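The values are calculated or read from the model by the stated rules, or taken from the named source; none is laboratory data. Treat the numbers as computed from the prediction; the structure is a model and nothing was measured. Cβ placement follows ideal geometry from the backbone for every residue including glycine, while neighbour counts extend to all protein chains displayed. Heavy atoms of the whole protein, side chains included, go into the accessibility calculation; ligands, DNA and RNA do not. Shrake-Rupley method; radii C 1.70, N 1.55, O 1.52, S 1.80 Å.
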Amino acid sequence: MVTFSASASPLMPAPLASEAPFVRLWHGFLTGRVMVALTLLILEWLVQTLQQHPDRAVLLVCGMYLVATLAWRIRAHRGPPPPTAGAYWLPTIGVDLGLVCALQILQAGAMEFTALLGLPILMAAVLGSLTLALGTTAAATLLMLAWAWWMGLRGDGTPLYLQSALKGTGYFILAYLVHQLSARLRREQAIAEQSLMAAQVQTQVSARVIEQLSDGVLVLDESDRVRMANPVALQWLDSQEASALPRHLSPEGPWGPLLALAHRTFRHGVPDAADLHLPGPDARATQLHVRSWLTSAPQTHPGARAESLCVMFLHDLREMEARLRTEKLAAMGRMSAAVAHEIRNPLAAIVQANALLDEDLHDPAHKRLAHMVQQNAERLNRIVEEILDIARVPQQSPLAPPVPVWLDETIAQILADWQRQAPGGRPVATDLQAPGRSVAWDAEHLRRILVNLLDNAARYCSPVPDALVVGTALQGSGEIRLQVWSDGPPLDPSVERHLFEPFFSSESRSSGLGLYICRELCQRHGASIHYRRLRRTTARGLQEGNAFTVHGLRVLESGAHPLSNALWHEQP
(Lines give C-alpha, C1' and ligand atoms only; values in the text may rest on other atoms or scores of the structure.)
Protein backbone atom coordinates (compact mmCIF):
# COMPACT_ATOMS: atom_id res chain seq x y z
CA MET A 1 0.00 0.00 0.00
CA VAL A 2 1.24 3.43 -0.92
CA THR A 3 0.69 6.16 1.68
CA PHE A 4 1.08 9.88 1.28
CA SER A 5 1.99 12.64 3.66
CA ALA A 6 -0.88 14.51 5.30
CA SER A 7 0.75 17.89 4.58
CA ALA A 8 0.77 19.40 1.10
CA SER A 9 2.24 22.49 -0.50
CA PRO A 10 -0.02 25.16 -2.01
CA LEU A 11 1.19 24.25 -5.49
CA MET A 12 0.62 20.53 -5.19
CA PRO A 13 -2.16 19.27 -2.87
CA ALA A 14 -2.18 15.73 -1.54
CA PRO A 15 -3.37 13.28 -4.22
CA LEU A 16 -6.70 11.60 -4.17
CA ALA A 17 -6.92 7.97 -3.07
CA SER A 18 -8.07 6.99 -6.56
CA GLU A 19 -4.77 8.35 -8.01
CA ALA A 20 -2.60 5.92 -6.03
CA PRO A 21 -2.25 3.42 -8.94
CA PHE A 22 -0.68 6.22 -11.08
CA VAL A 23 2.13 6.99 -8.62
CA ARG A 24 4.52 4.79 -10.58
CA LEU A 25 3.73 6.69 -13.80
CA TRP A 26 4.20 9.97 -11.95
CA HIS A 27 7.62 8.84 -10.74
CA GLY A 28 8.48 7.69 -14.27
CA PHE A 29 7.65 11.09 -15.75
CA LEU A 30 9.68 12.92 -13.10
CA THR A 31 12.64 10.60 -13.67
CA GLY A 32 12.31 11.11 -17.44
CA ARG A 33 12.43 14.90 -16.96
CA VAL A 34 15.67 14.52 -14.97
CA MET A 35 17.19 12.37 -17.73
CA VAL A 36 16.13 14.90 -20.41
CA ALA A 37 17.59 17.79 -18.41
CA LEU A 38 20.89 15.96 -17.89
CA THR A 39 21.07 14.97 -21.58
CA LEU A 40 20.39 18.55 -22.69
CA LEU A 41 23.10 19.93 -20.44
CA ILE A 42 25.70 17.40 -21.60
CA LEU A 43 24.85 17.76 -25.30
CA GLU A 44 24.87 21.57 -25.18
CA TRP A 45 28.21 21.56 -23.37
CA LEU A 46 29.73 19.13 -25.91
CA VAL A 47 28.38 21.06 -28.92
CA GLN A 48 29.58 24.41 -27.63
CA THR A 49 32.95 22.96 -26.66
CA LEU A 50 33.50 21.41 -30.10
CA GLN A 51 32.33 24.50 -31.99
CA GLN A 52 34.18 26.81 -29.61
CA HIS A 53 31.16 29.13 -29.41
CA PRO A 54 30.24 29.07 -25.72
CA ASP A 55 26.73 30.28 -24.92
CA ARG A 56 26.44 30.66 -21.20
CA ALA A 57 22.73 31.58 -21.35
CA VAL A 58 21.80 28.20 -22.88
CA LEU A 59 23.98 26.31 -20.40
CA LEU A 60 22.45 28.32 -17.55
CA VAL A 61 18.91 27.49 -18.69
CA CYS A 62 19.79 23.77 -18.99
CA GLY A 63 21.44 23.84 -15.58
CA MET A 64 18.46 25.54 -13.94
CA TYR A 65 16.13 23.01 -15.58
CA LEU A 66 18.23 20.14 -14.20
CA VAL A 67 18.09 21.61 -10.69
CA ALA A 68 14.31 22.11 -10.95
CA THR A 69 13.68 18.55 -12.17
CA LEU A 70 15.90 17.08 -9.45
CA ALA A 71 14.15 19.11 -6.75
CA TRP A 72 10.73 17.98 -7.94
CA ARG A 73 11.87 14.34 -8.24
CA ILE A 74 12.97 14.45 -4.60
CA ARG A 75 9.45 15.64 -3.69
CA ALA A 76 7.92 12.77 -5.66
CA HIS A 77 6.76 11.04 -2.47
CA ARG A 78 3.87 13.51 -2.41
CA GLY A 79 2.34 11.72 -5.36
CA PRO A 80 0.75 13.13 -8.53
CA PRO A 81 -1.31 16.32 -8.26
CA PRO A 82 -5.08 16.30 -8.86
CA PRO A 83 -6.00 15.75 -12.53
CA THR A 84 -7.88 19.03 -12.89
CA ALA A 85 -6.09 22.07 -14.29
CA GLY A 86 -4.51 24.34 -11.71
CA ALA A 87 -1.43 26.19 -10.52
CA TYR A 88 0.04 22.98 -9.04
CA TRP A 89 0.97 21.85 -12.60
CA LEU A 90 3.22 24.88 -13.15
CA PRO A 91 6.38 23.29 -11.62
CA THR A 92 6.13 20.42 -14.14
CA ILE A 93 4.18 21.21 -17.31
CA GLY A 94 4.73 24.96 -17.03
CA VAL A 95 8.48 24.60 -16.55
CA ASP A 96 8.75 22.18 -19.48
CA LEU A 97 6.89 24.55 -21.83
CA GLY A 98 9.01 27.46 -20.62
CA LEU A 99 12.21 25.47 -21.20
CA VAL A 100 11.30 24.71 -24.82
CA CYS A 101 10.37 28.35 -25.41
CA ALA A 102 13.64 29.61 -23.87
CA LEU A 103 15.80 27.14 -25.81
CA GLN A 104 14.12 28.02 -29.10
CA ILE A 105 14.74 31.71 -28.48
CA LEU A 106 18.34 31.31 -27.27
CA GLN A 107 19.55 28.70 -29.73
CA ALA A 108 21.89 30.09 -32.38
CA GLY A 109 21.70 27.45 -35.12
CA ALA A 110 18.95 25.61 -36.94
CA MET A 111 18.44 23.21 -34.06
CA GLU A 112 14.80 22.60 -32.94
CA PHE A 113 13.64 21.69 -29.46
CA THR A 114 9.90 21.31 -30.20
CA ALA A 115 10.18 17.52 -29.89
CA LEU A 116 10.58 18.05 -26.14
CA LEU A 117 6.97 19.24 -26.02
CA GLY A 118 5.89 15.60 -26.19
CA LEU A 119 6.86 15.00 -22.57
CA PRO A 120 4.55 17.60 -20.92
CA ILE A 121 1.74 16.67 -23.34
CA LEU A 122 2.02 13.00 -22.37
CA MET A 123 2.18 13.91 -18.68
CA ALA A 124 -1.00 15.99 -18.95
CA ALA A 125 -2.81 13.35 -21.02
CA VAL A 126 -2.00 10.46 -18.67
CA LEU A 127 -2.23 12.10 -15.24
CA GLY A 128 -4.58 15.02 -15.94
CA SER A 129 -8.07 15.68 -17.18
CA LEU A 130 -9.01 16.03 -20.83
CA THR A 131 -9.15 19.81 -20.36
CA LEU A 132 -5.60 19.85 -19.01
CA ALA A 133 -4.36 17.62 -21.84
CA LEU A 134 -5.97 19.68 -24.59
CA GLY A 135 -4.92 22.93 -22.91
CA THR A 136 -1.31 21.80 -22.72
CA THR A 137 -1.41 20.71 -26.36
CA ALA A 138 -2.93 24.05 -27.38
CA ALA A 139 -0.21 25.94 -25.49
CA ALA A 140 2.49 23.85 -27.21
CA THR A 141 0.87 24.47 -30.64
CA LEU A 142 0.71 28.21 -30.01
CA LEU A 143 4.38 28.20 -29.03
CA MET A 144 5.28 26.44 -32.28
CA LEU A 145 3.13 28.86 -34.32
CA ALA A 146 4.67 31.83 -32.50
CA TRP A 147 8.11 30.48 -33.32
CA ALA A 148 7.11 30.08 -36.99
CA TRP A 149 5.86 33.66 -37.05
CA TRP A 150 9.10 34.90 -35.46
CA MET A 151 11.17 33.04 -38.01
CA GLY A 152 8.86 34.26 -40.78
CA LEU A 153 9.83 37.84 -40.00
CA ARG A 154 13.37 36.96 -41.07
CA GLY A 155 12.44 35.13 -44.24
CA ASP A 156 9.90 32.73 -45.80
CA GLY A 157 8.01 31.16 -42.86
CA THR A 158 5.49 29.12 -44.85
CA PRO A 159 7.22 25.75 -44.31
CA LEU A 160 7.49 26.47 -40.60
CA TYR A 161 3.76 27.28 -40.40
CA LEU A 162 2.93 24.02 -42.19
CA GLN A 163 5.32 22.05 -39.97
CA SER A 164 3.90 23.61 -36.79
CA ALA A 165 0.34 22.88 -37.91
CA LEU A 166 1.15 19.22 -38.61
CA LYS A 167 2.95 18.82 -35.30
CA GLY A 168 0.07 20.49 -33.44
CA THR A 169 -2.47 18.23 -35.13
CA GLY A 170 -0.43 15.16 -34.25
CA TYR A 171 -0.05 16.32 -30.65
CA PHE A 172 -3.83 16.87 -30.34
CA ILE A 173 -4.55 13.37 -31.66
CA LEU A 174 -1.88 11.87 -29.42
CA ALA A 175 -3.16 13.74 -26.33
CA TYR A 176 -6.76 12.65 -26.95
CA LEU A 177 -5.91 8.96 -27.54
CA VAL A 178 -3.52 8.77 -24.58
CA HIS A 179 -6.08 10.41 -22.32
CA GLN A 180 -8.76 7.91 -23.42
CA LEU A 181 -6.40 5.02 -22.64
CA SER A 182 -5.60 6.56 -19.27
CA ALA A 183 -9.32 7.03 -18.47
CA ARG A 184 -9.98 3.42 -19.38
CA LEU A 185 -7.11 2.32 -17.14
CA ARG A 186 -8.64 4.32 -14.29
CA ARG A 187 -12.03 2.70 -14.82
CA GLU A 188 -10.50 -0.76 -14.98
CA GLN A 189 -8.52 0.00 -11.84
CA ALA A 190 -11.66 1.15 -9.99
CA ILE A 191 -13.52 -2.00 -11.08
CA ALA A 192 -10.55 -4.14 -10.00
CA GLU A 193 -10.45 -2.43 -6.59
CA GLN A 194 -14.18 -2.94 -6.10
CA SER A 195 -13.86 -6.59 -7.14
CA LEU A 196 -10.91 -7.02 -4.78
CA MET A 197 -12.88 -5.50 -1.90
CA ALA A 198 -15.87 -7.73 -2.68
CA ALA A 199 -13.58 -10.76 -2.85
CA GLN A 200 -11.97 -9.84 0.46
CA VAL A 201 -15.36 -9.40 2.12
CA GLN A 202 -16.54 -12.71 0.67
CA THR A 203 -13.34 -14.37 1.87
CA GLN A 204 -13.86 -13.01 5.37
CA VAL A 205 -17.49 -14.16 5.39
CA SER A 206 -16.53 -17.62 4.12
CA ALA A 207 -13.72 -17.87 6.67
CA ARG A 208 -16.07 -16.88 9.50
CA VAL A 209 -18.71 -19.39 8.34
CA ILE A 210 -16.12 -22.17 8.07
CA GLU A 211 -14.73 -21.20 11.48
CA GLN A 212 -18.17 -21.56 13.08
CA LEU A 213 -18.91 -24.93 11.49
CA SER A 214 -19.30 -27.81 13.91
CA ASP A 215 -17.68 -30.09 11.34
CA GLY A 216 -13.99 -30.09 10.46
CA VAL A 217 -12.74 -28.57 7.19
CA LEU A 218 -9.32 -29.42 5.73
CA VAL A 219 -7.70 -28.24 2.51
CA LEU A 220 -4.85 -30.46 1.27
CA ASP A 221 -2.56 -30.13 -1.71
CA GLU A 222 -1.00 -32.95 -3.71
CA SER A 223 2.12 -32.97 -1.51
CA ASP A 224 0.10 -33.89 1.62
CA ARG A 225 0.32 -30.40 3.11
CA VAL A 226 -2.57 -28.86 5.03
CA ARG A 227 -3.18 -25.44 3.48
CA MET A 228 -6.20 -24.50 5.55
CA ALA A 229 -8.11 -25.88 8.54
CA ASN A 230 -10.92 -24.59 10.76
CA PRO A 231 -10.77 -24.81 14.61
CA VAL A 232 -12.52 -28.20 14.73
CA ALA A 233 -10.05 -29.71 12.27
CA LEU A 234 -7.13 -28.08 14.12
CA GLN A 235 -8.29 -29.76 17.30
CA TRP A 236 -8.22 -33.13 15.55
CA LEU A 237 -4.78 -32.24 14.20
CA ASP A 238 -3.59 -31.63 17.80
CA SER A 239 -2.85 -28.02 16.85
CA GLN A 240 -4.40 -24.97 18.48
CA GLU A 241 -3.08 -22.27 16.15
CA ALA A 242 -3.67 -21.74 12.44
CA SER A 243 -0.24 -20.09 12.28
CA ALA A 244 1.26 -23.60 12.32
CA LEU A 245 -0.05 -24.13 8.79
CA PRO A 246 0.89 -25.25 6.20
CA ARG A 247 1.58 -28.53 7.94
CA HIS A 248 2.78 -31.73 6.32
CA LEU A 249 0.93 -34.97 7.17
CA SER A 250 2.82 -38.22 7.06
CA PRO A 251 1.14 -41.27 5.47
CA GLU A 252 2.70 -43.44 8.21
CA GLY A 253 0.97 -41.42 10.95
CA PRO A 254 -2.58 -41.67 12.27
CA TRP A 255 -3.83 -39.62 9.33
CA GLY A 256 -2.86 -42.29 6.80
CA PRO A 257 -6.46 -43.27 5.89
CA LEU A 258 -7.36 -39.62 5.37
CA LEU A 259 -4.38 -39.11 3.06
CA ALA A 260 -5.29 -42.27 1.17
CA LEU A 261 -8.75 -40.82 0.50
CA ALA A 262 -7.17 -37.54 -0.66
CA HIS A 263 -4.80 -39.42 -3.00
CA ARG A 264 -7.73 -41.35 -4.45
CA THR A 265 -9.61 -38.11 -5.03
CA PHE A 266 -6.61 -36.54 -6.77
CA ARG A 267 -6.10 -39.64 -8.89
CA HIS A 268 -9.71 -40.04 -10.06
CA GLY A 269 -10.58 -36.34 -10.15
CA VAL A 270 -14.11 -36.88 -8.78
CA PRO A 271 -15.69 -36.30 -5.34
CA ASP A 272 -15.37 -39.18 -2.90
CA ALA A 273 -16.58 -40.15 0.57
CA ALA A 274 -15.65 -42.76 3.17
CA ASP A 275 -16.04 -43.68 6.84
CA LEU A 276 -12.61 -43.63 8.48
CA HIS A 277 -11.38 -44.80 11.87
CA LEU A 278 -8.35 -42.80 12.96
CA PRO A 279 -6.41 -43.81 16.08
CA GLY A 280 -6.52 -41.09 18.73
CA PRO A 281 -3.99 -40.11 21.42
CA ASP A 282 -6.13 -41.66 24.19
CA ALA A 283 -6.29 -45.09 22.50
CA ARG A 284 -9.85 -44.35 21.33
CA ALA A 285 -10.46 -44.35 17.61
CA THR A 286 -11.88 -41.19 16.06
CA GLN A 287 -14.69 -42.22 13.77
CA LEU A 288 -15.15 -39.77 10.93
CA HIS A 289 -17.30 -39.57 7.84
CA VAL A 290 -15.16 -37.73 5.27
CA ARG A 291 -16.30 -36.12 2.02
CA SER A 292 -13.79 -34.74 -0.47
CA TRP A 293 -13.92 -32.42 -3.48
CA LEU A 294 -11.32 -31.14 -5.88
CA THR A 295 -10.75 -27.52 -6.72
CA SER A 296 -8.17 -26.02 -9.06
CA ALA A 297 -6.86 -22.58 -9.91
CA PRO A 298 -7.69 -21.26 -13.41
CA GLN A 299 -5.01 -21.61 -16.07
CA THR A 300 -3.37 -18.28 -16.80
CA HIS A 301 -1.98 -19.35 -20.17
CA PRO A 302 -2.06 -22.45 -22.39
CA GLY A 303 0.19 -25.21 -21.22
CA ALA A 304 0.26 -24.03 -17.60
CA ARG A 305 -0.59 -26.66 -15.02
CA ALA A 306 -3.32 -25.58 -12.58
CA GLU A 307 -2.74 -26.44 -8.92
CA SER A 308 -5.36 -28.79 -7.51
CA LEU A 309 -6.53 -28.68 -3.91
CA CYS A 310 -8.60 -31.26 -2.08
CA VAL A 311 -11.30 -29.84 0.20
CA MET A 312 -12.35 -32.35 2.86
CA PHE A 313 -15.30 -32.13 5.25
CA LEU A 314 -14.86 -34.19 8.42
CA HIS A 315 -18.02 -35.24 10.24
CA ASP A 316 -17.88 -36.95 13.64
CA LEU A 317 -19.80 -40.18 13.21
CA ARG A 318 -20.79 -40.25 16.88
CA GLU A 319 -22.21 -36.74 16.56
CA MET A 320 -24.08 -37.69 13.38
CA GLU A 321 -25.49 -40.81 15.01
CA ALA A 322 -26.49 -38.83 18.11
CA ARG A 323 -28.21 -36.18 15.98
CA LEU A 324 -30.01 -38.85 13.96
CA ARG A 325 -31.04 -40.63 17.15
CA THR A 326 -32.32 -37.38 18.60
CA GLU A 327 -34.39 -36.67 15.49
CA LYS A 328 -35.86 -40.17 15.55
CA LEU A 329 -36.64 -39.94 19.26
CA ALA A 330 -38.19 -36.51 18.78
CA ALA A 331 -40.47 -37.90 16.09
CA MET A 332 -41.34 -40.83 18.31
CA GLY A 333 -41.93 -38.41 21.17
CA ARG A 334 -44.51 -36.46 19.20
CA MET A 335 -46.29 -39.68 18.37
CA SER A 336 -45.99 -40.88 21.97
CA ALA A 337 -47.56 -37.67 23.25
CA ALA A 338 -50.62 -38.30 21.10
CA VAL A 339 -50.79 -41.92 22.24
CA ALA A 340 -50.28 -40.93 25.90
CA HIS A 341 -53.20 -38.52 25.70
CA GLU A 342 -55.42 -41.36 24.49
CA ILE A 343 -54.14 -43.73 27.22
CA ARG A 344 -54.76 -41.28 30.04
CA ASN A 345 -58.55 -41.67 30.25
CA PRO A 346 -58.62 -45.52 30.14
CA LEU A 347 -55.80 -45.56 32.70
CA ALA A 348 -57.80 -43.32 35.03
CA ALA A 349 -60.75 -45.68 34.67
CA ILE A 350 -58.53 -48.65 35.57
CA VAL A 351 -57.27 -46.86 38.70
CA GLN A 352 -60.79 -45.98 39.85
CA ALA A 353 -62.09 -49.47 39.16
CA ASN A 354 -59.18 -51.00 41.05
CA ALA A 355 -59.83 -48.70 44.01
CA LEU A 356 -63.52 -49.70 44.10
CA LEU A 357 -62.61 -53.35 43.77
CA ASP A 358 -60.08 -53.07 46.60
CA GLU A 359 -62.83 -51.94 48.98
CA ASP A 360 -64.63 -55.29 48.59
CA LEU A 361 -61.53 -57.51 48.82
CA HIS A 362 -60.61 -59.22 52.10
CA ASP A 363 -58.31 -62.02 51.01
CA PRO A 364 -54.63 -60.93 51.57
CA ALA A 365 -53.59 -62.49 48.26
CA HIS A 366 -56.26 -60.54 46.42
CA LYS A 367 -55.23 -57.41 48.31
CA ARG A 368 -51.64 -57.86 47.10
CA LEU A 369 -52.83 -58.25 43.53
CA ALA A 370 -54.91 -55.08 43.77
CA HIS A 371 -51.93 -53.27 45.25
CA MET A 372 -49.74 -54.45 42.35
CA VAL A 373 -52.32 -53.16 39.88
CA GLN A 374 -52.37 -49.81 41.72
CA GLN A 375 -48.56 -49.53 41.74
CA ASN A 376 -48.20 -50.32 38.03
CA ALA A 377 -51.08 -48.03 37.12
CA GLU A 378 -49.37 -45.21 39.03
CA ARG A 379 -46.12 -45.99 37.24
CA LEU A 380 -47.85 -45.83 33.86
CA ASN A 381 -49.52 -42.59 34.90
CA ARG A 382 -46.13 -41.04 35.75
CA ILE A 383 -44.79 -42.04 32.32
CA VAL A 384 -47.86 -40.56 30.65
CA GLU A 385 -47.44 -37.32 32.62
CA GLU A 386 -43.76 -37.05 31.65
CA ILE A 387 -44.61 -37.46 27.98
CA LEU A 388 -47.45 -34.94 28.16
CA ASP A 389 -45.16 -32.48 29.95
CA ILE A 390 -43.18 -32.14 26.72
CA ALA A 391 -46.12 -30.35 25.13
CA ARG A 392 -47.60 -28.94 28.35
CA VAL A 393 -44.67 -27.17 30.01
CA PRO A 394 -43.83 -24.58 27.27
CA GLN A 395 -47.55 -23.72 26.87
CA GLN A 396 -48.50 -23.39 30.52
CA SER A 397 -50.13 -20.15 31.57
CA PRO A 398 -48.11 -17.69 33.68
CA LEU A 399 -47.52 -18.67 37.27
CA ALA A 400 -49.94 -17.53 39.93
CA PRO A 401 -48.52 -15.32 42.71
CA PRO A 402 -45.86 -17.53 44.32
CA VAL A 403 -46.41 -19.19 47.66
CA PRO A 404 -43.27 -19.04 49.83
CA VAL A 405 -41.40 -22.33 49.94
CA TRP A 406 -38.83 -22.74 52.71
CA LEU A 407 -36.01 -23.95 50.52
CA ASP A 408 -33.67 -25.89 52.84
CA GLU A 409 -36.53 -27.47 54.78
CA THR A 410 -38.34 -28.48 51.57
CA ILE A 411 -35.13 -29.93 50.11
CA ALA A 412 -34.51 -31.93 53.30
CA GLN A 413 -38.04 -33.39 53.08
CA ILE A 414 -37.61 -34.25 49.39
CA LEU A 415 -34.26 -35.96 50.13
CA ALA A 416 -35.81 -38.00 52.93
CA ASP A 417 -38.64 -39.17 50.65
CA TRP A 418 -36.21 -39.96 47.85
CA GLN A 419 -33.93 -41.98 50.14
CA ARG A 420 -36.84 -44.08 51.36
CA GLN A 421 -37.78 -44.94 47.79
CA ALA A 422 -34.21 -45.34 46.45
CA PRO A 423 -32.92 -48.93 46.22
CA GLY A 424 -30.73 -49.73 49.22
CA GLY A 425 -31.37 -46.37 50.90
CA ARG A 426 -28.85 -44.39 48.85
CA PRO A 427 -26.91 -41.99 51.18
CA VAL A 428 -26.95 -38.29 50.29
CA ALA A 429 -24.72 -35.68 51.92
CA THR A 430 -26.12 -32.17 52.35
CA ASP A 431 -24.54 -28.74 52.48
CA LEU A 432 -27.60 -26.52 52.93
CA GLN A 433 -26.50 -22.93 53.51
CA ALA A 434 -29.84 -21.10 53.22
CA PRO A 435 -31.94 -21.95 56.31
CA GLY A 436 -34.87 -19.67 56.96
CA ARG A 437 -34.99 -18.52 53.34
CA SER A 438 -38.07 -18.92 51.23
CA VAL A 439 -38.19 -18.83 47.45
CA ALA A 440 -40.90 -18.17 44.89
CA TRP A 441 -41.23 -21.72 43.61
CA ASP A 442 -43.88 -24.33 43.24
CA ALA A 443 -43.04 -27.13 45.69
CA GLU A 444 -44.03 -29.90 43.29
CA HIS A 445 -41.86 -28.41 40.52
CA LEU A 446 -38.93 -28.22 42.94
CA ARG A 447 -39.52 -31.87 43.85
CA ARG A 448 -39.54 -32.97 40.23
CA ILE A 449 -36.32 -31.09 39.43
CA LEU A 450 -34.47 -32.42 42.47
CA VAL A 451 -35.66 -36.02 42.04
CA ASN A 452 -34.62 -36.04 38.36
CA LEU A 453 -31.16 -34.70 39.22
CA LEU A 454 -30.74 -37.17 42.08
CA ASP A 455 -31.79 -40.13 39.92
CA ASN A 456 -29.25 -39.17 37.24
CA ALA A 457 -26.45 -38.57 39.74
CA ALA A 458 -27.07 -41.82 41.67
CA ARG A 459 -26.81 -43.82 38.44
CA TYR A 460 -23.12 -42.95 37.90
CA CYS A 461 -21.55 -41.93 41.21
CA SER A 462 -19.54 -44.20 43.53
CA PRO A 463 -21.15 -45.82 46.62
CA VAL A 464 -19.15 -43.86 49.24
CA PRO A 465 -21.19 -41.63 51.62
CA ASP A 466 -20.02 -38.25 50.24
CA ALA A 467 -20.18 -39.21 46.56
CA LEU A 468 -23.55 -37.44 46.20
CA VAL A 469 -24.03 -33.99 47.69
CA VAL A 470 -26.96 -31.57 47.57
CA GLY A 471 -26.16 -28.01 48.55
CA THR A 472 -27.60 -24.53 48.57
CA ALA A 473 -25.72 -21.24 48.82
CA LEU A 474 -26.59 -17.56 48.87
CA GLN A 475 -25.34 -15.46 45.99
CA GLY A 476 -24.33 -11.81 46.02
CA SER A 477 -27.36 -10.84 43.91
CA GLY A 478 -29.79 -11.85 46.68
CA GLU A 479 -30.60 -15.16 45.00
CA ILE A 480 -29.94 -18.76 45.97
CA ARG A 481 -28.33 -21.47 43.94
CA LEU A 482 -29.20 -25.14 44.22
CA GLN A 483 -26.55 -27.66 43.25
CA VAL A 484 -26.46 -31.43 42.93
CA TRP A 485 -22.88 -32.73 42.81
CA SER A 486 -21.68 -36.30 42.25
CA ASP A 487 -18.25 -37.84 41.72
CA GLY A 488 -19.23 -39.56 38.49
CA PRO A 489 -16.96 -39.66 35.38
CA PRO A 490 -16.99 -36.72 32.98
CA LEU A 491 -19.60 -36.70 30.26
CA ASP A 492 -18.64 -37.37 26.68
CA PRO A 493 -18.63 -34.09 24.67
CA SER A 494 -21.14 -35.52 22.21
CA VAL A 495 -23.50 -36.24 25.13
CA GLU A 496 -22.86 -32.94 26.92
CA ARG A 497 -23.93 -30.89 23.89
CA HIS A 498 -27.42 -32.47 23.95
CA LEU A 499 -27.98 -32.81 27.70
CA PHE A 500 -31.10 -30.68 27.91
CA GLU A 501 -32.67 -31.71 24.61
CA PRO A 502 -35.90 -33.78 24.70
CA PHE A 503 -35.71 -37.50 23.98
CA PHE A 504 -31.91 -37.51 24.11
CA SER A 505 -30.28 -40.01 26.44
CA SER A 506 -27.11 -42.05 26.60
CA GLU A 507 -29.07 -44.85 28.29
CA SER A 508 -31.16 -47.14 26.13
CA ARG A 509 -33.89 -47.49 28.84
CA SER A 510 -34.19 -43.78 29.55
CA SER A 511 -36.86 -41.61 27.94
CA GLY A 512 -34.54 -38.59 27.77
CA LEU A 513 -37.18 -36.29 29.27
CA GLY A 514 -35.85 -35.66 32.79
CA LEU A 515 -33.30 -32.93 32.15
CA TYR A 516 -35.44 -31.31 29.47
CA ILE A 517 -38.34 -31.00 31.92
CA CYS A 518 -35.93 -29.63 34.55
CA ARG A 519 -34.80 -26.91 32.17
CA GLU A 520 -38.36 -26.00 31.15
CA LEU A 521 -39.52 -25.78 34.76
CA CYS A 522 -36.53 -23.62 35.68
CA GLN A 523 -37.20 -21.25 32.79
CA ARG A 524 -40.86 -21.02 33.79
CA HIS A 525 -39.76 -19.72 37.19
CA GLY A 526 -37.21 -17.31 35.70
CA ALA A 527 -34.23 -19.50 36.66
CA SER A 528 -31.66 -21.50 34.67
CA ILE A 529 -29.87 -24.82 35.00
CA HIS A 530 -26.32 -25.59 33.86
CA TYR A 531 -23.86 -28.47 33.89
CA ARG A 532 -20.16 -28.15 34.73
CA ARG A 533 -17.24 -30.22 35.95
CA LEU A 534 -16.45 -28.93 39.47
CA ARG A 535 -14.03 -29.80 42.23
CA ARG A 536 -15.27 -30.25 45.78
CA THR A 537 -13.51 -30.93 49.04
CA THR A 538 -14.60 -34.30 50.49
CA ALA A 539 -13.37 -36.67 53.15
CA ARG A 540 -11.21 -38.24 50.45
CA GLY A 541 -9.67 -34.89 49.52
CA LEU A 542 -10.32 -32.66 46.51
CA GLN A 543 -12.52 -34.59 44.07
CA GLU A 544 -13.75 -33.78 40.60
CA GLY A 545 -17.35 -34.41 39.76
CA ASN A 546 -20.43 -33.51 37.76
CA ALA A 547 -22.44 -30.57 39.04
CA PHE A 548 -25.92 -29.53 37.94
CA THR A 549 -26.62 -26.04 39.26
CA VAL A 550 -29.91 -24.15 39.32
CA HIS A 551 -29.30 -20.39 39.36
CA GLY A 552 -31.80 -17.62 40.02
CA LEU A 553 -33.96 -18.84 42.92
CA ARG A 554 -35.39 -15.53 44.12
CA VAL A 555 -35.47 -15.06 47.90
CA LEU A 556 -38.81 -13.89 49.34
CA GLU A 557 -37.79 -13.86 53.00
CA SER A 558 -34.38 -14.09 54.59
CA GLY A 559 -32.92 -14.26 58.04
CA ALA A 560 -29.49 -13.75 59.41
CA HIS A 561 -27.29 -16.73 58.69
CA PRO A 562 -23.51 -16.93 58.20
CA LEU A 563 -22.58 -17.71 54.60
CA SER A 564 -20.06 -20.51 54.20
CA ASN A 565 -19.06 -21.58 50.69
CA ALA A 566 -15.52 -22.71 51.47
CA LEU A 567 -16.25 -26.27 50.38
CA TRP A 568 -17.05 -25.32 46.77
CA HIS A 569 -14.27 -24.64 44.29
CA GLU A 570 -14.70 -24.11 40.59
CA GLN A 571 -12.40 -26.12 38.41
CA PRO A 572 -9.95 -23.74 36.68
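Ligands, DNA and RNA are left out, and with a 1.4 angstrom probe the accessible area of the stretch 160-264 is 63 Å² per residue. Each of GLN419 and GLU193 was given a label point 7 Å from its Cα along the Cα-to-Cβ line. The distance between the two points is 7.8 nm. Simple spin-label estimate for LEU43 and LEU213 gives 6.5 nm between the two label positions (7 Å along the Cα-to-Cβ direction from each Cα).
Converting phi to 3J(HN,Hα) with the Karplus coefficients 6.51, -1.76 and 1.60 and the offset θ = phi - 60°, the stretch 221-233 yields 9, 6, 9, 6, 9, 7, 7, 8, 7, 8, x, 5, 5 Hz in sequence order, with x at every glycine or proline. Charged neighbours of ARG33, selected by a Cβ distance under 13 Å, balance to +1 (K, R count +1; D, E count -1). Extension gain, SER494 to LEU556, is 18.4 nm, computed as 0.36 nm per intervening residue step minus the present C-alpha separation.
Extension gain for ARG540 to LEU185 (0.36 nm times residue separation, less C-alpha to C-alpha distance): 119.9 nm.
With 0.36 nm allotted per residue and the present C-alpha distance subtracted, the LEU106-LEU369 stretch has 81.2 nm of extension available. Among residues other than ALA429 with Cβ under 15 Å from its Cβ, the summed charge is -1 (Lys and Arg +1, Asp and Glu -1). Within 15 Å, Cβ to Cβ, of VAL61, how many net charges do the neighbouring residues add up to if Lys/Arg are +1 and Asp/Glu are -1? Its environment carries a net charge of -1.
Between GLN163 and ALA138, the simple spin-label model (points 7 angstrom out along Cα→Cβ) gives 2.6 nm. FRET efficiency for the pair GLN235 and ASN376, taken as 1/(1 + (r/R0)^6) with r the Cβ-Cβ distance and R0 = 45 Å, rounds to 0.40. VAL100 exposes around 10 Å² of accessible area when a 1.4 Å probe is run over every protein chain in place.
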